[in-house]
Every structure is written in structure tokens, then in C-alpha cells.
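Working notes, beginning with the structure itself.
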Amino acid sequence: MRLQCDPQIPALVRVASMVLALSCLVSGFAAAESSATSSPHTIATIASTVPANGDINPYGIFVVPNTVGHLVKGNLLISNFNAASNQQGTGTTIMQISPGGTVSQFAQIDASALPGTCTGGIGLTTALVALRGGWVIVGSLPTADGTAATAQAGCLLVLDPMGNVSETIYGTLINGPWDMAVLDHSTVSGGGTAALFVTNVLNGTVAAGGSVVNQGTVVRVDLTLSKSAPPFVEAMTVIGSGFAERTDPAALVIGPTGVALSPDGFSLYVGDSLNNRIAAIPYPVTRQTTARTGITITKGGSLNDPLGLTVAPNGDILTANGDDGYMVQTTSDGLQVAKTLLDSSGDPPGSGALFGLVTVGQNVYYVDDATNTLNLFH
């Protein structure tokens with residue numbers, strides 16, 4: 001593990017930033033620290049994410065908020081993007097792993113037995129959330145043969161707490177759902193509301209044949225929830241648009257990826273991968289028009305193809321670099337305070353290894369699709 005500051009930051013700022021970074025990373029991202037000492041950071045492998053059918057490339061990760069059905073509070077759900085053939089956009093499984101390493105398969109989705117439309121079939125993406133009432137929602141960006149030329153729009157799949165697909169959410173605004181955040185106002189009894197914030201990366205990308213197109217979107221999907229029926233879609237609203245996206249031989253597609261709400265809910269942070277920046281969409285919960293590509297929080301520096309994104313308890317933004325295996329810590333006002341090496345495998349080192357990550361107290365759990373494992377940084 002290495003912790004580094006950006007050499008472009010002035011010396012006095014670098015010193016202050018390092019102190020802040022160490023206090024945040026060591027002590028659970030607390031807003032204020034009372035102790036100047038702590039144990040060194042460690043990285044541990046919790047478990048393999050490979051199910052019995054051999055699916056690989058773990059992308060999405062989400063902490064189960066409530067025990068219901070087969071879901072256990074505090075466990076981590078993980079979606080697999082590739083089948084055992086290693087063809088991208090063909091993975092069909094969601095795994096459930098406890099912090100202690102107990103592994104079970106929550107769901108294996110059969111494209112031929114869906115209760116609704118999911119254009120192209122099944123290829124589970126980073127877009128993965130679980131609601132308090134037990135509904136699990138996951139994105140599908142499927143391919144026929146693992147290549148971008150055959151990528152299709154997919155859908156959002158809604159699973160019940162037992163792992164069965166109950167409905168699909170689809171339409172012209174859902175086009176290659178790549179990542180997702182949620183504002184969960186559901187109740188443990190199954191009622192309430194929720195808002196999904198979904199990035200879409202297939203608007204014009206396949207037709208462009210590898211050229212960059214500025215058509216990536218962020219869509220808010222407003223849901224009304226019930227224990228006795230699948231979620232009802234009240235509205236879909238484009239709240240972000242014009243994000244750069246393109247197909248890629250190695251990554252299938254690159255476009256707006258990680259999304260997470262600020263603690264106050266006034267900003268939705270978006271990992272703008274191709275432009276190497278973190279953007280913020282203001283008032284994402286209530287806005288009825290697009291904020292276009294949002295406000296730039298930070299750009300360049302230690303960012304190197306930011307993919308997975310989460311927000312720490314103190315409001316700092318954590319992103320996983322797709323091109324070098326580092327996790328970057330950025331304050332809400334845009335100061336990059338630290339970067340931490342999580343994976344150095346591959347060529348170049350760390351490339352193509354990291355996607356989803358989440359914080360649980362002082363711990364960061366992340367999936368590593370180079371090793372097909374769930375890992376813990378603490």
C-alpha cells in the first residue's frame with residue numbers, strides 16, 4: 001500500500017492535505033479526530049466472487065441495509081459482468097458475501113424467463129442497489145459475444161428478497177445502465193418511495209464505432225414501493241446529459257460511471273471517466289431539467305479514469321481508478337488529499353482491476369476484477 005499526494009499541489013498544502021488524508025483514512029473518515037496515532041493500513045482478501053457457474057469480473061457492490069428473505073443486513077451484494085467464457089456483458093449472477101467471508105449466491109438470472117422486456121438479455125453491470133424493504137435492483141448491459149458491436153440497451157432488473165426477478169424497468173431513457181445510486185425512503189415493511197440515479201453509456205456509442213460521442217446521461221427513476229407488489233415507476237427524468245462515452249475493445253464501453261449522493265442530498269457526484277473528472281449535478285432529487293455535465297469538482301491530478309465512486313461518512317469522495325489501481329480521496333470542495341494503491345497487477349500495473357467500492361465505518365470494501373475477489377482496505 002502506498003499513499004501519495006499530488007506533486008502539483010504546493011508544499012504547505014501538501015503537508016496539510018497529508019495530515020487530513022491520514023486522519024480520514026485511518027480513523028474511519030471521521031470529520032474530526034481525537035487521536036494522532038493509529039495502526040497501519042492493511043488490505044485483505046475477504047472471499048472469491050466467482051460462483052459455481054464460473055461468472056467473473058465483479059463490478060457492482062452494495063451493502064445490504066436490512067435482513068429480509070435471503071438478504072442479511074451488513075452483507076455485501078456483488079454483481080458479475082462476465083460469464084465463465086470471459087465475454088463481457090454476459091454475467092448473470094449476484095453474490096452475497098458476509099464481512100467474515102461467508103459466500104452464497106443470491107441470484108442467477110435466466111434471460112429466457114424474465115417477466116418483462118430487457119433488450120438484449122443479461123449482462124450485469126455496476127448498477128446495483130438494495131432497498132430496506134428487500135427489493136434489489138441491478139442494471140443489465142448485455143452483449144451477444146462480449147464485443148461492443150453487439151451491445152444492447154438492456155434494462156434495470158428488480159429482484160425480490162429471495163432473488164427472483166419480479167419486473168424489469170426499461171424504455172428509451174434506460175440505455176446501457178452502467179452504474180446507480182439510490183435515495184432510499186422505503187420502510188422495512190416494504191412501503192415508501194425511492195429514487196434511483198442511473199448512468200447510461202450506450203446513447204450513440206455503438207454506432208460511433210469507437211469515436212467519442214457526448215450523449216451519456218444520468219436519469220432519475222422515481223419509485224413508489226409496496227410490500228405486496230413490485231416497485232411502481234412514477235417518473236423518469238434526465239438530470240444529466242452530454243457526458244463523453246465511447247466503445248473500447250478492452251473495457252467494452254467507457255462513459256459516466258460512479259454515482260453517489262452527497263450526505264445532504266444536494267449534489268449527485270458523477271465519475272466522468274473519459275474527461276478524468278468528478279462532476280456534481282446540483283439538486284438531483286428535485287430537479288426536472290438536465291444539468292448537462294454538471295459542475296466540475298476536480299479534474300486530472302491523481303484521477304486516472306475514475307470508475308467506482310462512493311462518499312465517505314465525512315463527505316469526502318472516494319473514486320477507484322480504472323487505469324492504475326489507485327483509490328483517490330477528494331474533499332467535497334475538490335481538493336485531492338490522498339491516493340492509495342489497491343491493486344498493482346496487470347500491464348500497465350493496476351489497469352483494469354478496480355470498479356465498485358463502498359464504505360462501512362472505517363473500512364472500504366472493493367471488488368477487484370483482476371483477481372475476482374472482494375477485498376477490504378482498513
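Between Met162, Met180, which is open to solvent by 20 Å² or more (accessible area, probe 1.4 Å) and touching a residue at least 60 places away in the same chain (Cβ under 8 Å)?
Criteria check complete, one pass: Met162.
Given (1) open to solvent by 50 Å² or more (accessible area, probe 1.4 Å); (2) in contact with a Ser or Thr (Cβ under 6 Å, 6 or more places away or on another chain); (3) in a strand (DSSP E or B), identify the lone condition not met by Thr296.
Only one criterion is unmet by Thr296, namely (2).
Yes or no: Gly100 part of a loop (DSSP other than H, G, I, E, B), on the phi > 0 side of the Ramachandran plot and not aliphatic (A, V, I, L, M)? Quick ask: steps written out before the conclusion?
On the way: part of a loop (DSSP other than H, G, I, E, B): yes; on the phi > 0 side of the Ramachandran plot: no; not aliphatic (A, V, I, L, M): yes.
Criteria not met by Gly100.
When the residues of region 183-194 are filtered to those that are open to solvent by 10 Å² or more (accessible area, probe 1.4 Å) and part of a loop (DSSP other than H, G, I, E, B), which remaining residue is modelled with the highest pLDDT?
Selected residue: Gly191.
Could you check how many residues of region 332-378 are under 23 Å from Thr296 (Cβ atoms), in a loop (DSSP other than H, G, I, E, B) and in contact (Cβ under 8 Å) with a residue 60 or more places away in the chain?
2
Among the residues of region 315-349, which ones are over 18 Å from the mean Cα position of the chain (by Cα) and either crowded, with 19+ Cβ neighbours inside 10 Å or farther than 24 Å from Ala44 by Cβ (or both)? I'd like the intermediate steps shown before the answer.
Let us first name the residues in region 315-349 that are over 18 Å from the mean Cα position of the chain (by Cα), namely 331-341, 344-349.
Those that are over 18 Å from the mean Cα position of the chain (by Cα) and either crowded, with 19+ Cβ neighbours inside 10 Å or farther than 24 Å from Ala44 by Cβ (or both): Thr331, Ser332, Asp333, Gly334, Leu335, Gln336, Val337, Ala338, Lys339, Thr340, Asp347, Pro348.
So the check is Cβ under 9 Å with 6+ separation or different chains; which pairs have a first residue in region 257-282 that's under 14 Å from Val182 (Cβ atoms) and a second one that's of a type in the set (Val, Ile, Thr) and surrounded by fewer than 17 Cβ atoms within 10 Å (Cβ to Cβ)?
Between residues of region 257-282 that are under 14 Å from Val182 (Cβ atoms) and residues that are of a type in the set (Val, Ile, Thr) and surrounded by fewer than 17 Cβ atoms within 10 Å (Cβ to Cβ), the close pairs are Leu261/Val285; Gly265/Val285; Leu268/Val285.
This table checks each residue for (1) open to solvent by less than 10 Å² (accessible area, probe 1.4 Å); (2) touching an Asp or Glu at 6+ places or on another chain (Cβ under 9 Å); (3) free of Cβ contacts under 8 Å to residues at least 12 places away in the same chain; (4) under 19 Å from Val158 (Cα atoms).
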{"position": "Val63", "(1), (2), (3), (4)": "no, no, no, yes"}
{"position": "Val68", "(1), (2), (3), (4)": "no, no, no, yes"}
{"position": "Gly74", "(1), (2), (3), (4)": "no, no, no, no"}
{"position": "Asn82", "(1), (2), (3), (4)": "yes, yes, no, no"}
{"position": "Gly91", "(1), (2), (3), (4)": "yes, yes, no, yes"}
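So which residues in region 215-254 are among the aliphatic types (A, V, I, L, M) and not in a strand (DSSP E or B)?
Step one: filter region 215-254 for residues among the aliphatic types (A, V, I, L, M), giving 218-219, 221, 223, 225, 229, 233, 235-236, 238-239, 244, 250-254.
Correct list: Leu225, Ala229, Ala250, Ala251.
With the requirement that a residue be open to solvent by 20 Å² or more (accessible area, probe 1.4 Å) and either over 20 Å from Leu77 (Cβ atoms) or without any contact (Cβ under 8 Å) to a residue 24 or more places away in the chain (or both), what does region 112-145 give you?
Ser112, Ala113, Pro115, Gly116, Thr117, Thr119, Gly120, Ala144, Asp145 - these are the residues of region 112-145 that are open to solvent by 20 Å² or more (accessible area, probe 1.4 Å) and either over 20 Å from Leu77 (Cβ atoms) or without any contact (Cβ under 8 Å) to a residue 24 or more places away in the chain (or both).
Take the residues in region 211-229 that are open to solvent by less than 50 Å² (accessible area, probe 1.4 Å), in contact (Cβ under 8 Å) with a residue 60 or more places away in the chain and not β-branched (Val, Ile, Thr); name whichever of them is nearest to Thr150 (Cα to Cα).
Among them, the one singled out is Arg220.
Regarding region 195-204, can at least one residue be identified that is open to solvent by less than 10 Å² (accessible area, probe 1.4 Å) and farther than 19 Å from Gly154 by Cα?
Taking every residue of region 195-204 in turn, at least one turns out to be open to solvent by less than 10 Å² (accessible area, probe 1.4 Å) and farther than 19 Å from Gly154 by Cα.
The values are calculated or read from the model by the stated rules, or taken from the named source; none is laboratory data. Not measured: the values here are computed from a predicted model. Here Cβ is always computed from backbone atoms with ideal geometry, including for glycine, and neighbour counts include all displayed protein chains. For accessibility, only protein heavy atoms count, side chains too; no ligands or nucleic acids. Shrake-Rupley method; radii C 1.70, N 1.55, O 1.52, S 1.80 Å.
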